[in-house]
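The values are calculated or read from the model by the stated rules, or taken from the named source; none is laboratory data. These figures come from a predicted structure and were not determined experimentally. Positions of Cβ are backbone-derived with ideal geometry, glycine not excepted, and every protein chain shown enters the neighbour counts.
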Amino acid sequence: KPRTSAYPSKLAEKLTILNDRGIGMLTRIYNIKKACGDPKAKPSYLIDKNLESAVKFIVRKFPAIETRNNNQQLAQLQKEKSEILKNLALYYFTFVDVMEFKTVNFDLTKNYLDLVVTYITLMMLLSRIEERKAIIGLYNYAHEMTHGSSDREYPRLGQMIVDYENPLKKMMEEFVPHGKSLQDALVSLQMVYPRRNLSADQWRNAQLLSLISAPSTMLNPAQSDTVRMLPKRSVVIHVGFILCHAALNTDPAALSLWKLALQSSSCLCLFRDEVFHIHKAAEDLFVNIRGYNKRVNDIRECKESALGSMHRERRKFLRSALKELATVLADQPGLLGPKALFVFMALSFARDEIIWLLRHADNIQKKSTDDFIDNLNLFQFVAKATVLFQHYCNYQERFLINLSVCPEDESIIMSSFVNTMTSLSVKQVEDGDVFDFRGMRLDWFRLQAYTSVSKASLGLADHRELGKMMNTIIFHTKMADSLVEMLVETSDVSIFCFYSRAFEKMFQQCLELPSQSRYSISFPLLCTHFMSCTHELCPEERHHIGDRSLSLCNMFLDEMAKQARNLITDICTEQCTLSDQLLPKHCAKTISQAVNKKSKKQTGKKGEPEREKPGVESMRKNRLLVTNLDKLHTALSELCFSINYVPNMMVWEHTFTPREYLTSHLEIRFTKSIVGMTMYNQATQEIAKPSELLTSVRAYMTVLQSIENYVQIDITRVFNNLMMSLSGKMYRLLQTYSHNSSAYLSYCLLLPLQKLVVDNVEVLTQMRTSFDKPDHMAALFKRLTCAYHVLKRMTIIGVILSFRSLAQEALRDVLSCHIPFLVSSVEDFKDHIPRETDMKVAMNVYELSSAAGLPCEIDPALVVALSSQKSENISPEEEYKIACLLMVFVAVSMPTLASNVMSQYSPAIEGHCNNIHCLAKAINQIAASLFTIHKGSIEDRLKEFLALASSSLLKIGQETDKSTTRNRESVYLLLDMIVQESPFLTMDLLESCFPYVLLRNAYHAVYKQSVSSSA
């Protein structure tokens, strides 16, 4: 039957939603604080000199409003009111959302405490935004000037800002009615929180996290009465007892718990890199309350004992315990099912110590630096455990299925839970079914809410075994369908995103110590955590944090690869030196000494040390003697272990492959080394002897081949790429230029051209059908806008395509010398493609031909680049129309070129001074690519272009203004160039549109002009 009388209205759902919304509000307030603290990101109205007096007036009077008087101070504000309303709305309504969030009530221990700590943090962070009054006041004044009245939320919002100038003091008053509820919730942690604050010796005596301490129970599932009972941030214990401070004088358990919390940390994390010094804040509050002298003394005592030695010993214990745990689980991953709780405990402990160290090392004046120096093994374990869990997720699913359900007596009130659990089977795991237990977990939350209220007919406190069993089941269901969420909850260290300087410093320290360099991969792996700190309520920071994670990950991997490259280079240098000792030229002195010794002749100076023979460096009396080469190999093996740790990693939907970084650096360094080995002397024009060069190259190659023993990279590929780079640089240049130029044409040139076409679409449509009406065309042309920009961009396109054509021609010459038969075969394929061939087949042939440097009717690279720019919001028919009108735009704009002084044709260079001769290539290639994509007739569209261009150019022959026809003959030549360049147009077609006698006279005129100008 329905049981709604005692159950508060959707309490479980409200707590779930409010907790998530609270974190989102924290994220927004944090970003506002950071934006206001950054001169580059701060709202411009707060630093505008013209508004400075208005801002000061508003802050001084806040929250009062005075708009009638002081017109002089607010005059500038009147001018800017619309923009202020528009640009400060996001800030203002974020503060309104904080005010609305502040008005909610809550219950249930964990979620209640999570919500309390979010509320406390939110109000404290709000009070740290120095510009909050200016932002709110500016917005409201602009609102009143625009709408004649203040914003309806402003009075409450302004009062809240004033009340929370000292947030802790205000919340102490605010929580008086809720003091008993908060006290009970906090004291309920006395069985949980102390376990998280045991010393390293207590952990060691209890053999915490050890799977092998009791072999007989290794397969038994690890259980706990307090699974996931702690609130997300322990700041609630420190600050919560300040809000209900009366409990500290009346309840010994509360005082003991609070003192334990004060001894564990001096610097609390409010949110990300925002910290709170608890001892000073608590002392400042209690020193003014009568009868709290003992509490003030307690605070001072706890402050003295809140040092780093206890945490240093914990980290020392965790390093050994986690190494053992990781080794056992890597060997026996099946234990991840029953012992998953151990792993999550380990991740949580390691994460807490890492963050504690980061927070205190950056914010506390340290008495002993040893307490704040951390080895990086904990980073490595967090990364390794995450990889293990994600790789062997099916073990958790199988273990969940084999987990026993709740006892028969309790199953009466939880039949849905029992049915859900008993319906699971191993076959679902084998079939790859996706599990979703979110509904079951929400039902359990609802049941807790129902059984925890005072008038509930069933008290959960009377059925502790039921609670333990359900907590265990819920824990394992999250491992089956929310493993990533569990890993984030226990091992997320995304806080390093906001401590980038400390993060980079730790990385450099890690690389500098050879014994620690094997843990360097932890840093790029931790960059994968950064996106987990984003929230959907603050989408604008997602791109910023994503970029930071990408840049840091790239920088870390690049530095690791450089360090490995430098070590390999040093090893190669050592090996080259050893190989050099074996050269024949060095044995001459040894032979001479042997001959002289045999003939009993004494040569050389007395006391001259005898030259060591090759191989002496390998002779040792014991292994304690370590050579420089030994040190280099040891350092390289440690660093390569890190580079080889994972094949790839995903950071913000980008895949990073550490080995590729090393391969890339080796290719570059090997190429430079080969050039350096030639020992070219520019003054004497001498190089090294070929035999010595060959010896050095072989030594290098031997070392590089040995790298495959350290890291899984393809050294043969490095050698092949080197050979290709030395013999085929032209091809690589062409391919790189082809790709980049096509992308540049598509993104930076053609897209703006299409926008210009859209802006003039009506005029161009009329001009397309009116080329035989000169007067009407002239009128329409005057309505065109940006004709100059169209021709300018098309010229730039032509220059790029012409350069690429020259590079292809050079490539074709090189390949024709090296592989003439293959080039001739490719050319034969290209020349014998029937016109009716399927376009996909033709494009494959064109792609092959282009790679061989052969010119093609249709540029395949350009087709691919333009195809990727299809807009989802425009129909194919509309895109085809835009392509046609683009050609019309270019054709009717060509007469404007005649007025340009730089449009003069130079016979000496066979081109125009402003490169407009490149328009011929641009027009033909762009038309061929566009109408291939849109499946139109290239030949018909080019005929239409030729007709429009001829008609437009013929009109300037009738012009009498010399300034507009200055280079008329030079522009006429463009028509001939376009036809000569095109495989689709003929001279007969041009003759039908434009009299050839005009072209002949134009050539004569430009040649005559060039002769006169040179004379």
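Yes/no per residue for (1) part of a helix (DSSP H, G or I); (2) in contact (Cβ under 8 Å) with a residue 40 or more places away in the chain; (3) under 27 Å from Pro539 (Cβ atoms):
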{"residue": "Phe93", "(1), (2), (3)": "yes, no, yes"}
{"residue": "Val96", "(1), (2), (3)": "yes, yes, yes"}
{"residue": "Leu122", "(1), (2), (3)": "yes, yes, yes"}
{"residue": "Leu126", "(1), (2), (3)": "yes, yes, yes"}
{"residue": "Ile129", "(1), (2), (3)": "no, yes, yes"}
{"residue": "Glu165", "(1), (2), (3)": "no, no, no"}
{"residue": "Gln190", "(1), (2), (3)": "yes, yes, no"}
{"residue": "Arg195", "(1), (2), (3)": "yes, no, no"}
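Condition check: at pLDDT 85 or above and aromatic (Phe, Trp, Tyr). Does Tyr112 satisfy that? Give the derivation first.
Numbers: at pLDDT 85 or above: no; aromatic (Phe, Trp, Tyr): yes.
Taking the combined requirement at face value, the residue does not satisfy it.
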* To do: Working only within segment 593-647, note down all residues that are modelled with pLDDT of 75 or more, farther than 24 Å from Gln581 by Cβ and surrounded by fewer than 12 Cβ atoms within 10 Å (Cβ to Cβ).
  => Asn622, Leu624, Pro647
* Would segment 796-804 turn up any residue that is among the polar types (S, T, N, Q) and either modelled with pLDDT of 90 or more or surrounded by 13 or more Cβ atoms within 10 Å (Cβ to Cβ) (or both)? -> yes
* Asked: Failed condition for Glu981, given (1) acidic (Asp, Glu); (2) more than 26 Å from Cys856 (Cα to Cα); (3) in contact (Cβ under 8 Å) with a residue 12 or more places away in the chain, with all others met?
  -> (2)
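Could we say that Lys170 is outside the structural domain of Gln73 (by TED's automatic domain parsing) and either assigned to a helix (DSSP H, G or I) or touching a Pro at 6+ places or on another chain (Cβ under 6 Å) (or both) here? Let's see the steps before the verdict.
Numbers: outside the structural domain of Gln73 (by TED's automatic domain parsing): yes; either assigned to a helix (DSSP H, G or I) or touching a Pro at 6+ places or on another chain (Cβ under 6 Å) (or both): yes.
It is true that Lys170 is outside the structural domain of Gln73 (by TED's automatic domain parsing) and either assigned to a helix (DSSP H, G or I) or touching a Pro at 6+ places or on another chain (Cβ under 6 Å) (or both).
Take segment 148-161 and flag every residue that is outside any loop (DSSP other than H, G, I, E, B) and either of a type in the set (Asp, Glu) or in contact with a helix residue (DSSP H, G or I) (Cβ under 9 Å, 6 or more places away or on another chain) (or both). I'd like the intermediate steps shown before the answer.
Here is the first cut: in segment 148-161, the ones outside any loop (DSSP other than H, G, I, E, B) are 154-161.
Across segment 148-161, the qualifying residues are Tyr154, Arg156, Leu157, Gly158, Met160, Ile161.
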* **Selection from segment 436-462 of residues that are at pLDDT below 70 and either assigned to a loop (DSSP other than H, G, I, E, B) or among the small types (Gly, Ala, Ser) (or both)** => Ser452, Val453, Ser454, Lys455, Ala456, Ser457, Leu458, Gly459, Ala461
* To do: Go through segment 483-501 and give me each residue that's under 26 Å from Met555 (Cβ atoms), at pLDDT below 85 and charged (D, E, K, R).
  => Asp492
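May I ask you to verify whether Gly337 is surrounded by 17 or more Cβ atoms within 10 Å (Cβ to Cβ), small (Gly, Ala, Ser), more than 23 Å from Ala222 (Cα to Cα) and in contact with a helix residue (DSSP H, G or I) (Cβ under 7 Å, 6 or more places away or on another chain)?
Answer is no for this residue.
Determine which member of the set Leu930, Leu990 is closer than 30 Å to Ile833 by Cβ, crowded, with 19+ Cβ neighbours inside 10 Å and within 53 Å of the chain's Cα centre (by Cα).
Answer to the selection: Leu930.
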* segment 680-696 residues that are over 22 Å from Gln581 (Cα atoms), paired with ones that are among the hydrophobic types (A, V, I, L, M, F, W, C) and in a loop (DSSP other than H, G, I, E, B) (beta carbon under 7 Å, 6 or more apart) -> none
* To do: Would you confirm whether any residue within segment 953-970 is assigned to a helix (DSSP H, G or I), of a type outside the set (Gly, Ala, Ser), over 17 Å from Met894 (Cα atoms) and in the same structural domain as Met777 (by TED's automatic domain parsing)?
  => no
* To do: Would you please name the residue that is nearest to Tyr880 (Cα to Cα), looking only at residues in segment 902-926 that are among the β-branched types (Val, Ile, Thr) and modelled with pLDDT of 90 or more?
  => Ile926
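Restricting attention to segment 180-220, and to residues there that are among the charged types (D, E, K, R) and farther than 29 Å from Gln332 by Cα, which single residue is surrounded by the fewest Cβ atoms within 10 Å (Cβ to Cβ)? Show your work before the answer.
Let us first name the residues in segment 180-220 that are among the charged types (D, E, K, R), namely 180, 184, 195-196, 201, 204.
When the remaining residues are screened for being farther than 29 Å from Gln332 by Cα, the result is 180, 184.
Details: Lys180: 12, Asp184: 14.
Taking the candidates together, the pick is Lys180.
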* Pick from segment 805-831 the residues that are of a type in the set (Asp, Glu) and within 19 Å of Ser982 (Cβ to Cβ): which of them is surrounded by the most Cβ atoms within 10 Å (Cβ to Cβ)? -> Glu809
* Structure fact -> Picking from Ala247, Ala206, Ala222, the residue that is closer than 27 Å to Arg464 by Cβ, touching a Pro at 6+ places or on another chain (Cβ under 9 Å) and either among the small types (Gly, Ala, Ser) or at pLDDT below 85 (or both) would be Ala222
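Here is a list: Ala282, Ala326. Which entry is closer than 30 Å to Pro215 by Cα, buried (at least 18 other Cβ atoms within 10 Å of the Cβ) and not polar (S, T, N, Q)? Let's see the steps before the verdict.
Values: Ala282 fails: closer than 30 Å to Pro215 by Cα.
Unique residue meeting the criteria: Ala326.
Which one is surrounded by the most Cβ atoms within 10 Å (Cβ to Cβ) among residues in segment 844-901 that are among the acidic types (Asp, Glu) and in a helix (DSSP H, G or I)? Explain how you work it out, then say what you get.
Keep residues of segment 844-901 that are among the acidic types (Asp, Glu), which gives 847, 857, 859, 872, 877-879.
Filter once more, so that each one left must be in a helix (DSSP H, G or I): 847, 877-879.
Details: Glu847: 15, Glu877: 9, Glu878: 13, Glu879: 17.
Top of the filtered list is Glu879.
Based on what the data block shows, is Asp184 under 40 Å from the mean Cα position of the chain (by Cα) and over 19 Å from Ile289 (Cβ atoms)? Don't jump to the end; show me each part of the working.
Values: under 40 Å from the mean Cα position of the chain (by Cα): no; over 19 Å from Ile289 (Cβ atoms): yes.
Against the criterion (under 40 Å from the mean Cα position of the chain (by Cα) and over 19 Å from Ile289 (Cβ atoms)), Asp184 does not qualify.
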* Asked: When you look at Lys56, is it under 26 Å from the mean Cα position of the chain (by Cα) and surrounded by 12 or more Cβ atoms within 10 Å (Cβ to Cβ), yes or no?
  -> no
